[in-house]
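Data block below; observations after.
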Amino acid sequence: MSRARVVGIVMDGNGRWADLRGLPRTEGHRQGSRALFRAVEAAICHGVEHLFLFAFSTENWRRPAEEVSFLMDLLSKNLSLQRARVLELGVRFHAIGRLTALPAALRESIRRLEAASAGCGVVNVYLAVNYGGRAEIVDAARAACRVGGADALDENSLERHLYAPDAPDLDLLIRTAGERRVSNFMLWQAAYAELVFLPVLWPDFSHVHFDAAIAEFSRRRRRFGALGD
Ligand code: IPE
Ligand code: IPE
Ligand code: MG
């Protein structure tokens, strides 16, 4: 039985959590950002080395402008306010996605936290913002072609230009809120990921749910196309 060293989470269900309580969707996002720390702590307990968290997709710009700007502002504030907690946990923080399209304040918060946590090594946490799996593959292919020419493009050269080239493929991909789709998250790295779909809405996510996903992962038999044992 192998360990889940690399885990990705599609943190979904903030809007439904708020709807159920007659609250604005923004309140769901606010509570969702608390759940994020519970996920990081649980990942550390399980010895996860790389944790990818989907916060905002390349398609989420299609939402109302007020919701988008609330999310950008919330992310930016949290990255600044939670700095001490991030460092205390030993989290090495990274952001992945098309970051140049983000508001300047958010880019600055990202830059600062990446710099401040550069010496941490308990777990690598990658916040996916303005992230799309297709965009990442296109960006990586372009970068690889610039360096080595189109004819030399192969899986290895493309992988060297992914947003987080040092992280191995995903072992486990968790999605909350019951939706059974990947919604453009880590299409390349999830090629052989075990998929675990949980009904819990993201703001209610806690250690219990992470434990359940890891337990489910440990029951799976991975074969990677071979015959297995
Ligand atoms: C996930 O929650 C957060 C983002 C996609 C930004 P949603 O906002 O998608 O919540 P639901 O799916 O509408 O419940
Ligand atoms: C995926 O969730 C994106 C994030 C969690 C950031 P969505 O809520 O955007 O996905 P769909 O629209 O249900 O596929
Ligand atoms: Mg959703």
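Rule-based calculations on the coordinates, nothing more; no lab input. In this text, all values refer to a predicted model and were calculated from it rather than measured experimentally. For neighbour counting, all protein chains shown are included, and Cβ atoms are generated from backbone atoms with ideal geometry for every residue, glycine included.
For this structure, a couple of remarks:
- The convex hull built on the alpha-carbon positions of region 15-75 has an orientation-averaged projected area of 4.9 nm².
- Within region 81-229, DSSP assigns beta bridges of which about 0% are antiparallel (rounded to the nearest 5).
- Computed magnitude of the charge dipole of the chain (debye, nearest 20; Cβ of K, R +1, Cβ of D, E -1): 300 debye
- For Thr58, distant residues with modelled amide H under 5 Å away: Tyr131, Gly132
- Region 27-121 - Rg over Rh from alpha carbon coordinates, Kirkwood radius: 0.95
- The relative contact order of the chain, computed from alpha carbon pairs under 8 Å that lie at least 6 residues apart in sequence, is 28 percent.
- Between Ala152, Ala42, Ala95, the residue with the greatest mean-square fluctuation in the GNM of the chain (Cα pairs under 10 Å linked by springs) is Ala152.
- Karplus-derived 3J(HN,Hα), 6.51/-1.76/1.60, for each residue of region 28-43, Hz, glycine and proline x: x, 5, 4, 5, x, 5, 6, 4, 4, 5, 4, 5, 5, 4, 5, 4
- Distance from region 169-192 to region 9-85 (C-alpha centre basis), Å: 17 Å
- Placing R0 at 30 angstrom, the Cβ-Cβ distance between Arg83 and Arg222 gives a FRET efficiency of 0.20 after rounding to 0.05.
- Radius ratio Rg over Rh of the chain, counting only Cα atoms, Kirkwood formula for Rh: 0.96
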